[in-house]
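The values are calculated or read from the model by the stated rules, or taken from the named source; none is laboratory data. Bear in mind that the values here come from a model prediction, so they are computed numbers and not experimental data. Neighbour counts run over all protein chains shown; Cβ positions are idealised from the backbone, glycine included.
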Amino acid sequence: MTQIEKKKPKRSHVFLLKVGLTVAVIVFAGVIGMNMLKQHNIARAMANAPENSSPVKAMDITGTEWTPVIKSTGLVRPNQGAMLSAEASGTVKRILVKSGQTVNKGDVLVELDNDVEMATLRATEAQLPALRLTYQRYANLLKSQSVSQTEFDNAKANYDQVVATINSLKAAVERRKIVAPFAGKLGIVKVNEGQYITVGTEIVRVEDNSSMKVDFAITQKRLEQLEIGQKVTATADAREGQTFAARITAIDPAVDTSTGLIDLQATFEPSDGKKLLSGMFTRLNIALPTQYGQIVVPQVAISYNMYGEFIYVLEDLNDEDKEKLAGSPTLDKTYRAKQITVMTEDRQGIYAKLKAGDLKPGDKIITAGTQRISNGSLVVVSDEKAVGTEQPAEKTNM
């Protein structure tokens, strides 16, 4: 027997191998067939099963008034305000007021030591009577030509010089006093009696809060939309939850060449101005003419995708849907959700104004539950009030 004949497998082994492969193929085919049958049965069951509906909240669209606004920011300022400082160096002699005190125009607030100036003033004033008599005597003698014109002129010059010196010394004495330039309320006194201060040292702030104002700026493109008397509303972080009314009272006659903005000033209503402090940062809304019949929706009703903004509108069921859902207790509240592309023109608070033509009065839109639905989904409208139709409650200290 040759070597090749010894390596040739037996026929029984080949037969068993074929049988095993055949069984494996049959089992594999059976598994595939069972999975396909299972998927077919699932698909048939799902096709015959009633369509699921998602609960949503909705609201009706109506034509609404809308007041466009121009937004800006500004700083509150008083009717008049100034930080008073020393005009001369010296020691604080007396402080005649207290921090936070109300003062009138001309009230002396702080006095600096003026002993030297007063002594010089009294010494100079003592020379005045003799010089006045000499001047008057020379004037009489000049009429009878008993003295020359030069002697008279010298007497007059000496007299005028002393008068001028006295006036200068009086002014120097007054400069040692810090006086209220207008009626108002004082801030914190920043000096103490006996303290030596130099020129420019800040002493106390005084502000006239009888009429509070706000300074702000607007792009020059909006100039035609602005006018004296226009309404402005303001909010301040320091007065959370409160709104303050004002009106434009001044428009700068020139545009700032470095920024391209035009400066404006608005004056608060007296009752609102009392609640504000100068220097407060405010956010401003300048009211433009009111528009009527606008389509306004809650911002929560607007969804977004890669193509832009859209809203879900409720569509009535067709006859086939009504037949499938016959007998359902919620049939009269069941709709189809349809995506409508929209474009937002303006936003204020929780609301947004849409471009005309996207929606129309009478349409019903979904305001809550949009996360669980898609275009064409079956939805059931809840009896609860639509989401986003009311401003959130203001914070309180309770």
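Looking across the stretch 85-122, just one residue is over 43 Å from the mean Cα position of the chain (by Cα), farther than 17 Å from residue 196 by Cα and among the small types (Gly, Ala, Ser), and that is 119.
For the stretch 352-372, the tally of residues that are under 28 Å from residue 53 (Cα atoms) and either touching a residue at least 60 places away in the same chain (Cβ under 8 Å) or touching a Phe, Trp or Tyr at 6+ places or on another chain (Cβ under 9 Å) (or both) stands at 14. Within the stretch 52-71, at least one residue is touching a helix residue (DSSP H, G or I) at 6+ places or on another chain (Cβ under 8 Å), over 30 Å from residue 372 (Cα atoms) and either outside any loop (DSSP other than H, G, I, E, B) or modelled with pLDDT of 90 or more (or both).
Table: residues versus (1) among the basic types (Lys, Arg); (2) under 21 Å from residue 91 (Cα atoms); (3) part of a loop (DSSP other than H, G, I, E, B).
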site	(1), (2), (3)
146	no, no, yes
150	no, no, no
164	no, no, no
167	no, no, no
178	no, yes, no
182	no, no, yes
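Residue under question is residue 215, and the condition is that it be surrounded by fewer than 17 Cβ atoms within 10 Å (Cβ to Cβ), at pLDDT 90 or above and either in the same structural domain as residue 270 (by TED's automatic domain parsing) or not in a loop (DSSP other than H, G, I, E, B) (or both); does it hold? Here the answer is yes, as residue 215 does meet what is asked.
Criterion first (closer than 30 Å to residue 241 by Cβ, modelled with pLDDT under 85, out of contact with any Cys (no Cβ under 9 Å at 6 or more places or on another chain) and assigned to a loop (DSSP other than H, G, I, E, B)) does residue 394 satisfy it? Give the steps one after another, and end with the answer.
On the way: closer than 30 Å to residue 241 by Cβ: yes; modelled with pLDDT under 85: yes; out of contact with any Cys (no Cβ under 9 Å at 6 or more places or on another chain): yes; assigned to a loop (DSSP other than H, G, I, E, B): yes.
Yes; evaluated as a whole, the condition is true for this residue.
Okay, residues lined up against (1) surrounded by 15 or more Cβ atoms within 10 Å (Cβ to Cβ); (2) out of contact with any helix residue (DSSP H, G or I) (no Cβ under 8 Å at 6 or more places or on another chain):
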{"position": "243", "(1), (2)": "no, yes"}
{"position": "260", "(1), (2)": "no, no"}
{"position": "274", "(1), (2)": "no, yes"}
{"position": "279", "(1), (2)": "no, yes"}
{"position": "290", "(1), (2)": "no, yes"}
{"position": "297", "(1), (2)": "yes, yes"}
{"position": "314", "(1), (2)": "yes, yes"}
{"position": "355", "(1), (2)": "no, yes"}
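Quick check on my filter: what residues within the stretch 248-261 are assigned to a strand (DSSP E or B), in contact (Cβ under 8 Å) with a residue 12 or more places away in the chain and farther than 29 Å from residue 206 by Cα? Of everything in the stretch 248-261, those that are assigned to a strand (DSSP E or B), in contact (Cβ under 8 Å) with a residue 12 or more places away in the chain and farther than 29 Å from residue 206 by Cα turn out to be 255, 261.
Let's see how each residue does on (1) surrounded by 15 or more Cβ atoms within 10 Å (Cβ to Cβ); (2) assigned by TED's automatic domain parsing to the domain that holds residue 274; (3) under 30 Å from residue 281 (Cα atoms):
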| residue | (1), (2), (3) |
| --- | --- |
| 57 | yes, no, no |
| 60 | no, no, no |
| 73 | no, yes, yes |
| 85 | yes, no, yes |
| 95 | yes, no, no |
| 99 | no, no, yes |
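Within the set of pairs 6 or more residues apart or between chains, which connect a residue that is among the acidic types (Asp, Glu) inside the stretch 206-217 to a residue that is part of a loop (DSSP other than H, G, I, E, B) with Cβ atoms less than 8 Å apart? Note: pairs meeting the criteria are 207/78; 207/187; 207/278; 208/78; 208/79; 208/182; 208/183. When 186, 121, 141, 169 are checked against the criterion of being more than 30 Å from residue 76 (Cα to Cα), aliphatic (A, V, I, L, M), in contact with a Ser or Thr (Cβ under 8 Å, 6 or more places away or on another chain) and surrounded by 15 or more Cβ atoms within 10 Å (Cβ to Cβ), a single residue qualifies: 169. If you go through the stretch 319-336 and pick out every residue that is without any contact (Cβ under 8 Å) to a residue 60 or more places away in the chain, in a loop (DSSP other than H, G, I, E, B) and surrounded by 10 or more Cβ atoms within 10 Å (Cβ to Cβ), you end up with 1.
Quick check on residue 118: is it over 30 Å from residue 284 (Cα atoms) and either assigned to a helix (DSSP H, G or I) or in contact (Cβ under 8 Å) with a residue 40 or more places away in the chain (or both)? So that I can check it myself, show each step before the final result.
Numbers: over 30 Å from residue 284 (Cα atoms): yes; either assigned to a helix (DSSP H, G or I) or in contact (Cβ under 8 Å) with a residue 40 or more places away in the chain (or both): yes.
The answer is yes for residue 118.
When you look at residue 156, is it surrounded by 14 or more Cβ atoms within 10 Å (Cβ to Cβ) and farther than 30 Å from residue 72 by Cβ, yes or no?
Values: surrounded by 14 or more Cβ atoms within 10 Å (Cβ to Cβ): yes; farther than 30 Å from residue 72 by Cβ: yes.
It is true that residue 156 is surrounded by 14 or more Cβ atoms within 10 Å (Cβ to Cβ) and farther than 30 Å from residue 72 by Cβ.
Test residue 79 against the criterion of being surrounded by 15 or more Cβ atoms within 10 Å (Cβ to Cβ) and in contact (Cβ under 8 Å) with a residue 40 or more places away in the chain, and give yes or no. So residue 79 passes the test.
State the number of residues belonging to the stretch 270-311 that are assigned to a strand (DSSP E or B) and either closer than 21 Å to residue 360 by Cβ or among the small types (Gly, Ala, Ser) (or both). First the steps, then the outcome.
Within the stretch 270-311, the subset assigned to a strand (DSSP E or B) is 281-287, 291-298, 303-305, 308-311.
From what is left, the residues that are either closer than 21 Å to residue 360 by Cβ or among the small types (Gly, Ala, Ser) (or both) are 287, 291-298, 303, 308-311.
Residues flagged as assigned to a strand (DSSP E or B) and either closer than 21 Å to residue 360 by Cβ or among the small types (Gly, Ala, Ser) (or both) within the stretch 270-311 amount to 14.
For the stretch 1-51, taking the residues that are more than 29 Å from residue 321 (Cα to Cα) and either of a type in the set (Gly, Ala, Ser) or touching a Cys at 6+ places or on another chain (Cβ under 8 Å) (or both), the one that is modelled with the lowest pLDDT is identified as 12.
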